[in-house]
1. Test residue 111 against the criterion of being more than 22 Å from residue 13 (Cα to Cα) and at pLDDT 90 or above, and give yes or no.
2. So, residue 46, is that one in contact with a Phe, Trp or Tyr (Cβ under 8 Å, 6 or more places away or on another chain), within 24 Å of residue 136 (Cβ to Cβ) and surrounded by fewer than 23 Cβ atoms within 10 Å (Cβ to Cβ) or not?
3. Restricting to region 98-142, what's the tally of residues that are of a type in the set (A, V, I, L, M), open to solvent by 20 Å² or more (accessible area, probe 1.4 Å) and more than 25 Å from residue 35 (Cβ to Cβ)?
4. Could you count how many residues in region 172-196 are open to solvent by 80 Å² or more (accessible area, probe 1.4 Å), in contact (Cβ under 8 Å) with a residue 12 or more places away in the chain and either under 20 Å from residue 116 (Cα atoms) or assigned to a helix (DSSP H, G or I) (or both)?
5. Would you point out the residue of region 143-171, among those that are open to solvent by less than 20 Å² (accessible area, probe 1.4 Å) and not in a helix (DSSP H, G or I), that is nearest to residue 117 (Cα to Cα)?
6. Mind counting the residues in region 49-78 that are more than 30 Å from residue 118 (Cβ to Cβ) and open to solvent by less than 60 Å² (accessible area, probe 1.4 Å)?
7. If a residue has to be open to solvent by 60 Å² or more (accessible area, probe 1.4 Å) and either touching a Cys at 6+ places or on another chain (Cβ under 8 Å) or of a type in the set (Gly, Ala, Ser) (or both) to count, how many in region 13-31 make the cut?
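The values are calculated or read from the model by the stated rules, or taken from the named source; none is laboratory data. Just so you know, these numbers come straight off a predicted model, no measurement behind them. Ideal geometry is used to build each Cβ from the backbone, glycine not excepted, and the neighbour counts take in all protein chains shown. We work out accessible area using only protein heavy atoms, side chains counted, and drop any ligands, DNA or RNA first. Shrake-Rupley method; radii C 1.70, N 1.55, O 1.52, S 1.80 Å.
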Amino acid sequence: MTFQFIIEILGTIAFAVSGAFSAMEKKLDLFGVLIIGFVTAIGGGTIRDVLIGNTPVTWMRDMTTPLIILGSGLLTILFKGYLEKLKITFFLFDTLGLGLFTIIGIQKGLSIGLNPGICVALGTITGCFGGVLRDMLLNHIPVLFRSREIYATACIIGGTIYCFGLMVLPQQAAQVLAIGLICGIRILAVRLNWQLPAVKGK
């Protein structure tokens, strides 16, 4: 098991739990909870793979990812009562998934020789758009588009640091640094109420 594989597994679990937990808060049935968990976990990666021409997309070529998502969704349902007592559970899993998937997306871009700036954009798409699809399906304004949420900005900062870090650090150290930075920015933004300026219409 490579470090890269471990990151992908942890990111998949984190977003699957995040999606399933969010769906349960909306009181969806079993099928709905599993579908939202699945969409949250693979949405960003699917868009990324289509953009770079990596088809069939990754999760369609290996049953490992669908099975991990299914297992994560079912475990989330089984431990629903325990999770509901933890008000920050959804937030922490969403934040962890954001950091992990951002780095995965950047690595996919770098592996095919894309410009680092484009790779950061791919990482941001990978990290954010599963959550965008989840929120849209649950009839929420996506977190990505709320001025009071530091979301994509954390991905961009962490992703940029990762690209620069690869020049001076071993890959695993750069990965850990970038993931920690993305998660740290997101957590501090919520704790300290950091916000982007809102654009107000007339």
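1. Working: more than 22 Å from residue 13 (Cα to Cα): yes; at pLDDT 90 or above: yes.
So residue 111 passes the test.
2. Values: in contact with a Phe, Trp or Tyr (Cβ under 8 Å, 6 or more places away or on another chain): yes; within 24 Å of residue 136 (Cβ to Cβ): yes; surrounded by fewer than 23 Cβ atoms within 10 Å (Cβ to Cβ): yes.
Yes: the conditions hold for residue 46.
3. So the first thing to find is which residues in region 98-142 are of a type in the set (A, V, I, L, M), and the list is 98, 100, 103-104, 106, 110, 112, 114, 118, 120-122, 125, 132-133, 136-138, 141.
Cutting the leftovers down to open to solvent by 20 Å² or more (accessible area, probe 1.4 Å) gives us 110, 112, 114, 118, 121, 125, 133, 136-137, 141.
So of that shortlist, the ones also more than 25 Å from residue 35 (Cβ to Cβ) come out as 110, 112, 114, 118, 121.
The number of residues fulfilling the criteria is 5.
4. Residues meeting the conditions: 2.
5. By that ranking, first place goes to 151.
6. Qualifying residue count, region 49-78: 5.
7. 0
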